[in-house]
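Have a look at the structure below, then the notes.
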Amino acid sequence: MIHRESGLLKTSYQADMALYPLPIARWAVAAIAALAFLVVPLLLSDYYLSILNLVSVAIVGALGLNILVGYTGQVSIGHGAFMSVGAYTAANLATRLDAPFWISLPIGGLMAAAVGAVVGIPSLRIKGLYLAIATLAGQLIIEWTINHVTWISGGVQASIEVPRPRLFGMVISTQRQMYFFLLVFVVLAIVGVMNLMRTRVGRAFIAIRDQDIAAEIIGINIFRYKLLAFAISSFYAGVTGVLYTYYLGIANYEQFQITTSIDYLAMIIIGGLGSVLGSVLGAIFVTMLPIFLRITMETFGGLFFSSGAMLNIIPNLRLIVFGLLIIVFLVVEPEGLNRLWRNIRSYFRVWPFAY
Amino acid sequence: MRATLALLAAAALALGAVAPAAAAEIVIGAQCDRTGPTQTVGTNLCPGFNDYIKLVNMKGGVNGNTIRADEVDNEYKVPPAVESYERYKKEGAVTVSVYGTPQIYALTQKLTEDRIPGTSPGFGKAAAADGTKYPYIFPIAATYWSQAAAAVKYAKDQMGGSMKGKKIAYIFYDNPAGREPFPVLEELQKLEGFEMRTFAVPPPGVEMGAQVLDIAQRYRADFVISHLFGRSPSVAIKELKRVGYPLKKVVGFVWGAAEADVEAAGGYGVAEGYSALQFAGVGEDYPVIKEIKEMYKKEGKPEPKEMKESVYYNRGVFLAAIHVEAIRNALKAKPDGKITGADAKAGFEKIKNFTLGGLVPPIEITPTDHEGGGLVQVWQVSGGKWVKRTDWFRAYPEVVGKVIKEAK
Amino acid sequence: MFDWQFAALLLSNGILIGLMYSLIALGFVLVYKATDAINFAQGEFVMIAGFVVAVAITAYGAPLWLAVLVGLAGMIGFGFGLERVMLRKLIGRPVIAVVMATIGLAAILRGFGPMVWGAGTKSLALPIPEEPIILGPLFIPPIQLLGAAVSLLFLAAFSWFFLRSRRGIAMRAVADNQQVAMAMGIDVERYFGLAWAMTGIVSALGGIVWGNLLGVDVQLSLVGLKVFPVVILGGLDSIPGAIVGGLIVGIVENMAAGYIDPYVGGGTKDFAPYVLMIIALMVRPYGIFGKAIIERI
């Protein structure tokens, strides 16, 4: 009753191919947008906005990784390295050429895309876990290059401080301003992926994931599309790195190491491979879980442990619970949060009937 | 599903019910690494920090205000460090004890913008010793540049006072912190005329057989300066011993200098002769440590086992003490107790002759010098324990000063 | 003048360390060969095994042989238990689910170890000398010799097991095609459990040897990262591949550290084996000895 799909007549191809053909979907998206743009920044304090900012950056990164892993089926553990490529490119442009952020961001992304395409070259021959480890090699080589080539890294400290982004003369530095700044890019990223998957390119990606030999037979140039997938995914990763750099005010490759790549993999697997909503949900989940666990344990832990022991137990317990949640999740719903959401939606589709 | 939802709702309610900090409380933000690659340090340093705060509060706080140290585990990662920093800001912390080199780099701009002083003792950006360039970053202990200079001085003394033509091996953890001493080492190389070769140990630093073989067998170094941390110092000690290199020709920086490293290497017998730099005293024979022991005895509790790892524990105590001292100075200027980060910064810069009963060298922090002198001691493993080899000293201040000035 | 002695030293160090890497890789290969599961927690297995043995010796004062037995028993039990509790539920799920599950397991173990046994590093003393054995120009640390010997021993034992013994052949049947094996009357789940238990045994020995080499603490799990270039080079499901892969990785690492590092400022040791691995994969996409997967549309 709430989620009606019948009785809606469309009279143009445009209406049929719209991103949100159902009115309920349009209302929901409008409500979410209003919430995100108007309500949240006015109501929440700096601390919560800072968490949301971290989540926003993670969403962009997760979307990018999902393009490669979820839609094209190429497992990659090199995501962190592409982020650092983007970060350092933008940082160098910002400090050496005084480039404003609307120049350094796309160039950072493009540079990461180029590097990503190179790292993706082995994907022609190699598949599965073998490819994943080959991308890990890419991660290590890129890390080493940044660490050792001071021309890129700006000195032995390998950290480049960037000035805050300026928009029409206004400096973006408070959490609230950063929130809007990042939110714009999140929206662009989401709309970008959604539209990408409706194009020929997106369909080629999905074909490659499902059955790449058959895809090649029907004429899809899988090498080209695989490289394109790597490139687009790395573009997103590069943009993530740049956004992160502007948020922190510093570019440092130690933030983008193997653990980061694995964190992003966790995000898209928990969220759901091959779905935009999954990337968003997964990013929110993985970023906020440690914070949530810490708050829960601090609130309730005092009942069980002394304060001294608690300080030692809480962090380790957090790791344990994190791992447990991942496993429980996978056992209960291997297709991730996205599938959970779809189940809820299907339930409401036919509500109040049972089927 | 429903049970989970109910639990979550209960948690949210409980969160709301938990009261925020009390009024006459001064908050210090204390980051720690309890589960990351430097957890062997964090799990001993942070209890020291917390114990000192407890001691101060037991003695009535600072001018009647209790101090609260809010400890958060940042897992040696940057996002949790940033998130915990925002939390400290929300709680109105006046100082932050940052943990970890990438973390202090990530937070430098924020600390400066928000005007909250952050400390990074014995790690972090050595250039931050310049208080005019980095007004809100306080190394408060020997930076990697001072440590490098001290290590070279010690090596020089051990080699009979002259280094001309001698071969020095610098083995380091291949990340920005490990590479930080390069400018100072290169300057000293020119000054003292020694030959130096660097040996990078890529993270995670658990296997360095080839580098050690090179140092001992091919390069045949006359002295080894080692800048490793986490697990790698103990691995280095073991590997050097395995290839037969005399450990008395090895000196390590401050994070390769603990009882834990010696024990991990196989015990004091294995590590005999290994020397390392310290920026705080070793052992339990200091008045403030005795006071903490007394405090635990009064409560009827055994003394914390972390005290046995005295190198890290004492550093935690020192770190807390210097934060408290800064707050004390700030309160002197503003007796009403409403101090801000800027007041705490001024408080740091008034610290003079701070020795904490001999636990640390006399530290003096000024608006231009946030390092406090960069004094270190050398301790050596000898006869089954750490033995003090030199008194507090500072090496090549002109060279270090020059490098600081030239730093961007 | 080429320094032959140094090259020989590097080579011998590389061979011995490489064989020690193989020891850990063997655990990984065993599981993959029998159950098609990719175990991202291999390093953590070694760490837990090391903890159990080290704590038995230091905290409970057990003699070495007893501690080793406890470790072995513990890891075998752990393997069986793990398969029963967690992995059985994931049979039939896509491979990425198992991967993620082992990543989650790795996190659990990494939190569990230090929480229960403390974050300090424990040393695992073995009754072998610390001083290197000097064989002409070569310095051979006895612990590396022990590790290499154990590795080769396992290679022989498991190769025989899979080729000749009834259970080994049954396990290969299960790995090849679960449903047909079930139809032939093979208890698939029990063999899965056996495979994980065997990994437990290998991890136990790995934990002892590596725990002595590096000291036992949470960082010991990092040796697990070394597994990947080794098994990828050698082939995910090949036991001789694990040995050959380990040898290559060990030798390449040392040669890179000795000869390339001085020119580029160091640090090549970590990724040099990966570069070699990529080149090898372009020629043989399933590893040198790996079984090529035939894809059918």
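Filtering the range C:1-53 down to residues that are farther than 19 Å from C:Ile208 by Cα and among the charged types (D, E, K, R), which residue is surrounded by the fewest Cβ atoms within 10 Å (Cβ to Cβ)?
Going through the qualifying residues, I end up with C:Asp3.
Surrounded by fewer than 21 Cβ atoms within 10 Å (Cβ to Cβ), within 15 Å of C:Ser203 (Cβ to Cβ) and among the β-branched types (Val, Ile, Thr): which single residue out of C:Val70, C:Val85 fits that description?
C:Val70
Limited to the range A:66-100, what total is found for residues that are in a helix (DSSP H, G or I) and under 20 Å from the mean Cα position of the chain (by Cα)?
18
Taking helices (runs of 4 or more DSSP H) that fall entirely within the range B:285-389, which contain at least 2 residues that are at pLDDT 85 or above, among the charged types (D, E, K, R) and under 19 Å from the mean Cα position of the chain (by Cα)?
B:310-333
Go through the range B:186-209 and report how many residues are assigned to a helix (DSSP H, G or I), surrounded by 24 or more Cβ atoms within 10 Å (Cβ to Cβ) and not small (Gly, Ala, Ser).
Total satisfying the criteria: 1.
Being surrounded by fewer than 19 Cβ atoms within 10 Å (Cβ to Cβ) and assigned to a helix (DSSP H, G or I): is that true of C:Ser159 here?
In short, yes.
Please find, within the range B:106-133, the residue that is surrounded by the fewest Cβ atoms within 10 Å (Cβ to Cβ) out of those that are within 11 Å of another protein chain (Cβ to nearest Cβ) and assigned to a loop (DSSP other than H, G, I, E, B).
Per the stated criteria, the residue is B:Lys125.
Only one residue in B:Val400, B:Val387, B:Val381 is without any contact (Cβ under 8 Å) to a residue 40 or more places away in the chain, out of contact with any Lys or Arg (no Cβ under 6 Å at 6 or more places or on another chain) and outside the structural domain of B:Pro121 (by TED's automatic domain parsing). Which one?
It is B:Val387.
Residue-by-condition table, conditions (1) basic (Lys, Arg); (2) within 16 Å of B:Gly281 (Cα to Cα):
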residue: B:Glu349; (1), (2): no, no
residue: B:Val360; (1), (2): no, yes
residue: B:Ile363; (1), (2): no, yes
residue: B:Gly374; (1), (2): no, yes
residue: B:Gln380; (1), (2): no, yes
residue: B:Gly383; (1), (2): no, no
residue: B:Arg389; (1), (2): yes, yes
residue: B:Tyr396; (1), (2): no, no
residue: B:Val400; (1), (2): no, no
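Kindly indicate which of C:Phe6, C:Phe40 is part of a helix (DSSP H, G or I) and touching a residue at least 40 places away in the same chain (Cβ under 8 Å).
Testing whether each residue is part of a helix (DSSP H, G or I) and touching a residue at least 40 places away in the same chain (Cβ under 8 Å) leaves just C:Phe6.
Considering only the range C:199-214, I want to know if a residue exists there that is within 9 Å of chain B (Cβ to nearest Cβ), farther than 21 Å from C:Gly287 by Cα and without any contact (Cβ under 8 Å) to a residue 12 or more places away in the chain.
Yes, there is a match, as at least one residue in the range C:199-214 is within 9 Å of chain B (Cβ to nearest Cβ), farther than 21 Å from C:Gly287 by Cα and without any contact (Cβ under 8 Å) to a residue 12 or more places away in the chain.
Quick check: anything in the range A:162-177 in contact with a Ser or Thr (Cβ under 9 Å, 6 or more places away or on another chain), in a helix (DSSP H, G or I) and surrounded by fewer than 22 Cβ atoms within 10 Å (Cβ to Cβ)?
Checked against the condition, which is being in contact with a Ser or Thr (Cβ under 9 Å, 6 or more places away or on another chain), in a helix (DSSP H, G or I) and surrounded by fewer than 22 Cβ atoms within 10 Å (Cβ to Cβ), the range A:162-177 yields at least one hit.
Give just the number: which of (1) within 9 Å of chain B (Cβ to nearest Cβ); (2) crowded, with 19+ Cβ neighbours inside 10 Å; (3) out of contact with any Ser or Thr (no Cβ under 8 Å at 6 or more places or on another chain) does A:Thr259 not satisfy?
Here A:Thr259 meets the rest and fails (2).
For the range B:266-283, what are the residues that are within 7 Å of chain C (Cβ to nearest Cβ) and in contact with a helix residue (DSSP H, G or I) (Cβ under 9 Å, 6 or more places away or on another chain)?
Answer for the range B:266-283, where residues must be within 7 Å of chain C (Cβ to nearest Cβ) and in contact with a helix residue (DSSP H, G or I) (Cβ under 9 Å, 6 or more places away or on another chain): B:Gly266, B:Val270.
Of the numbered conditions (1) among the small types (Gly, Ala, Ser); (2) crowded, with 24+ Cβ neighbours inside 10 Å; (3) over 27 Å from B:Ser234 (Cα atoms), C:Gly215 fails exactly one; give the number of that condition.
(3)
For the range A:216-225, check the following and say yes or no: at least one residue is surrounded by fewer than 22 Cβ atoms within 10 Å (Cβ to Cβ) and either at positive phi or acidic (Asp, Glu) (or both).
Yes.
For the range C:242-296, give me the residue count where each residue is in a helix (DSSP H, G or I), more than 18 Å from A:Val119 (Cβ to Cβ) and not β-branched (Val, Ile, Thr).
16
Condition check ((1) closer than 30 Å to C:Tyr274 by Cα; (2) of a type in the set (Lys, Arg); (3) in contact with a strand residue (DSSP E or B) (Cβ under 9 Å, 6 or more places away or on another chain); (4) at pLDDT 90 or above) across all residues:
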{"position": "A:Ser123", "(1), (2), (3), (4)": "yes, no, no, no"}
{"position": "A:Ile133", "(1), (2), (3), (4)": "yes, no, no, no"}
{"position": "A:Glu143", "(1), (2), (3), (4)": "yes, no, no, no"}
{"position": "A:Val149", "(1), (2), (3), (4)": "yes, no, no, no"}
{"position": "A:Gly154", "(1), (2), (3), (4)": "yes, no, yes, no"}
{"position": "A:Thr174", "(1), (2), (3), (4)": "no, no, no, no"}
{"position": "A:Asn195", "(1), (2), (3), (4)": "no, no, no, yes"}
{"position": "A:Gly202", "(1), (2), (3), (4)": "no, no, no, yes"}
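Here are some conditions: (1) more than 14 Å from chain B (Cβ to nearest Cβ); (2) more than 23 Å from C:Ala272 (Cβ to Cβ); (3) touching a residue at least 24 places away in the same chain (Cβ under 8 Å). C:Ala181 meets all but one. Which one does it not meet?
(3)
Would you mind telling me which numbered condition in (1) within 11 Å of chain C (Cβ to nearest Cβ); (2) more than 23 Å from B:Trp386 (Cα to Cα); (3) at pLDDT 90 or above B:Pro204 fails?
Every listed condition holds for B:Pro204 apart from (3).
So is A:Ser159 touching a Pro at 6+ places or on another chain (Cβ under 9 Å) and free of Cβ contacts under 8 Å to residues at least 60 places away in the same chain or not?
So A:Ser159 fails the test.
Can you pull out the residues in the range A:120-155 that are more than 30 Å from A:Ile222 (Cα to Cα) and at the interface with chain C (Cβ under 10 Å from one of its Cβ atoms)?
Residues satisfying the conditions are A:Trp144, A:Asn147, A:His148, A:Val149, A:Thr150.
Can you name the number of the only condition in (1) of a type outside the set (Ser, Thr, Tyr); (2) touching a residue at least 12 places away in the same chain (Cβ under 8 Å); (3) closer than 21 Å to B:Arg87 by Cβ that B:Phe123 fails?
Of everything listed in (1) of a type outside the set (Ser, Thr, Tyr); (2) touching a residue at least 12 places away in the same chain (Cβ under 8 Å); (3) closer than 21 Å to B:Arg87 by Cβ, B:Phe123 misses just condition (3).
Counting only residues that are away from every other protein chain (no Cβ under 14 Å) and out of contact with any strand residue (DSSP E or B) (no Cβ under 8 Å at 6 or more places or on another chain), which one in the range B:146-186 is nearest to B:Pro233 (Cα to Cα)?
B:Ala149
The values are calculated or read from the model by the stated rules, or taken from the named source; none is laboratory data. Being a predicted model, the structure only gives us computed values, none of them experimental. Neighbour counts run over all protein chains shown; Cβ positions are idealised from the backbone, glycine included.
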